[in-house]
Amino acid sequence: MTQQGAVLQGYNNELVKCIEDLSLQKEELNKQIQQAEEEKSKLQHQIQVLNEQLERVCEDLAQKVASRNELDKILAETEAAYMKILDSSRTLLSVLKKEVGSLKSMPEMKSH
């Protein structure tokens, strides 16, 4: 019977050792879980900060694009008006040259 008691004691020692090993593994896994949860929380915060920054940049970009579009419109209208002024100036110059030419051919202008 003492031999059976010794075998039983050996089994018991192995069981206790296995339970201790499992407990250590559980503690290590708990530490890893806690670290992962902290990392997850930190990343979620960074994502929130980045999303807020992205939203501000998108709003700023939309305002700048709208301003550029308005400037494009003003520039196109100004260039069109300027082209009309150039055309009118060219027409006026042409008419003026014709008038000066007709005046020079008049006899009264030749005598002076």
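Numbers at a glance
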| quantity | calculated |
| --- | --- |
| Residue within region 14-27 that is over 57 Å from the mean Cα position of the chain (by Cα), open to solvent by less than 80 Å² (accessible area, probe 1.4 Å), at pLDDT below 95 and not polar (S, T, N, Q) present | no |
| Pairs where the first residue, in region 26-52, is assigned to a helix (DSSP H, G or I) and the second is of a type in the set (A, V, I, L, M, F, W, C), C-beta under 8 Å, 6+ apart | none |
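The values are calculated or read from the model by the stated rules, or taken from the named source; none is laboratory data. All values reported here derive from a predicted model rather than from experimental measurement. When we count neighbours, we look across all protein chains shown, and the Cβ atoms used for this are built from the backbone with ideal geometry, even at glycine. Each accessible area value is taken on the protein alone, full model and side chains, heavy atoms only, with ligands, DNA and RNA left out. Shrake-Rupley method; radii C 1.70, N 1.55, O 1.52, S 1.80 Å.
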